[in-house]
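Notes follow the structure.
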Amino acid sequence: MLENQDSSLPVVGVLLLAAGSSSRLGRPKQLLPYEGQSLLRRAATTAVEAVLGPVVVVTGALHAELLPELTGLPVRVVHCPTWQAGMGASLKTGLAQLQLQQHQPAPTSILVLLCDQPHITPTLLRQLVVVQLATQQPIVATEYNSVRGVPVLFAESVLPLLQALPDAAGAQQLLRQHPEWVATVPFPAGAIDVDTEAHYAALVGSKE
């Protein structure tokens with residue numbers, strides 16, 4: 001068991017997807033500073049501090065450039081060579097890595113998050129697990145602006161569907177195909193992400 005892990009919660013594998021090239025932004029969003037940390041390190045630290053289970057960071061367009069941002073964190077980094085195919089490729093790369101890890105007990109569910117939602121907290125990630133236990137729904141998604149999205153938790157029963165996703169598809173496809181399987185956790189701040197320079201300027205400006 002992880003140090004300080006809540007024994008009432010199951011072991012959850014955490015996938016932090018950071019493989020994109022940030023084409024809309026024009027520079028690596030993973031490396032943008034916010035509150036003294038890069039967005040990548042902030043997200044990875046949040047994932048670790050949730051103490052749910054092993055954390056895997058999936059890189060793609062940038063691998064060597066991102067490694068220094070993860071120094072000292074207990075995470076496994078894996079490069080997705082087919083990252084350009086889409087988020088599904090990164091998801092499957094991360095899932096395969098989790099299955100290779102010698103973690104006891106083995107994770108029974110998977111939590112997926114991205115590094116461009118800076119307001120994710122360890123408490124929010126744990127809440128997804130608590131809601132899954134309470135509702136027994138196979139998928140628990142955060143909800144913002146009437147949209148269900150990441151961070152999102154997938155129970156063991158739906159992992160085969162996640163593994164079968166086309167490379168070009170993301171986790172969102174399962175949420176749309178099976179809305180009856182989805183429980184939600186309100187996360188209004190999830191609507192704040194960083195896809196463009198305007199988004200980043202607004203984020204940084206909100207702290208000034």
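Out of curiosity, is V57 closer than 26 Å to A106 by Cβ and open to solvent by 10 Å² or more (accessible area, probe 1.4 Å)? Taking the combined requirement at face value, the residue does not satisfy it. Evaluate the following for H63: is it touching a residue at least 24 places away in the same chain (Cβ under 8 Å) and surrounded by fewer than 23 Cβ atoms within 10 Å (Cβ to Cβ)? Criteria not met by H63.
Yes/no per residue for (1) over 30 Å from P81 (Cα atoms); (2) free of Cβ contacts under 8 Å to residues at least 40 places away in the same chain:
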{"position": "A141", "(1), (2)": "no, no"}
{"position": "R148", "(1), (2)": "no, yes"}
{"position": "S157", "(1), (2)": "no, yes"}
{"position": "A171", "(1), (2)": "no, no"}
{"position": "W181", "(1), (2)": "yes, no"}
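Within segment 8-21, residues that are of a type outside the set (V, I, T) sit with their Cβ atoms under 6 Å from residues that are part of a loop (DSSP other than H, G, I, E, B), at 6+ positions apart or across chains, in these pairs: P10/T108; G13/G53; G13/P54; G13/P107; A18/C115; A19/G60; A19/C80; S21/A61.
Among A85, A89, which is surrounded by fewer than 18 Cβ atoms within 10 Å (Cβ to Cβ) and either of a type in the set (A, V, I, L, M) or touching a residue at least 60 places away in the same chain (Cβ under 8 Å) (or both)?
The unique qualifying residue is A85.
From L17, L52, grab the single residue that is in contact with a helix residue (DSSP H, G or I) (Cβ under 7 Å, 6 or more places away or on another chain) and in a loop (DSSP other than H, G, I, E, B). Step by step, each of L17, L52 is checked, and only L52 is in contact with a helix residue (DSSP H, G or I) (Cβ under 7 Å, 6 or more places away or on another chain) and in a loop (DSSP other than H, G, I, E, B). Of all residue pairs spaced 6 or more apart or on separate chains, those with beta-carbon atoms under 7 Å, a first member in segment 183-208 that is among the hydroxyl-bearing types (S, T, Y) and a second member that is exposed (fewer than 15 other Cβ atoms within 10 Å of the Cβ) are T196/R24.
The values are calculated or read from the model by the stated rules, or taken from the named source; none is laboratory data. Here the structure is a predicted model, which is why all the values come from computation and not from measurement. Cβ sites come from the backbone with ideal geometry, for glycine too, and all protein chains shown count toward neighbours. Note: accessible area is taken over every heavy atom of the protein model, side chains too, but ligands, DNA and RNA are not part of it. Shrake-Rupley method; radii C 1.70, N 1.55, O 1.52, S 1.80 Å.
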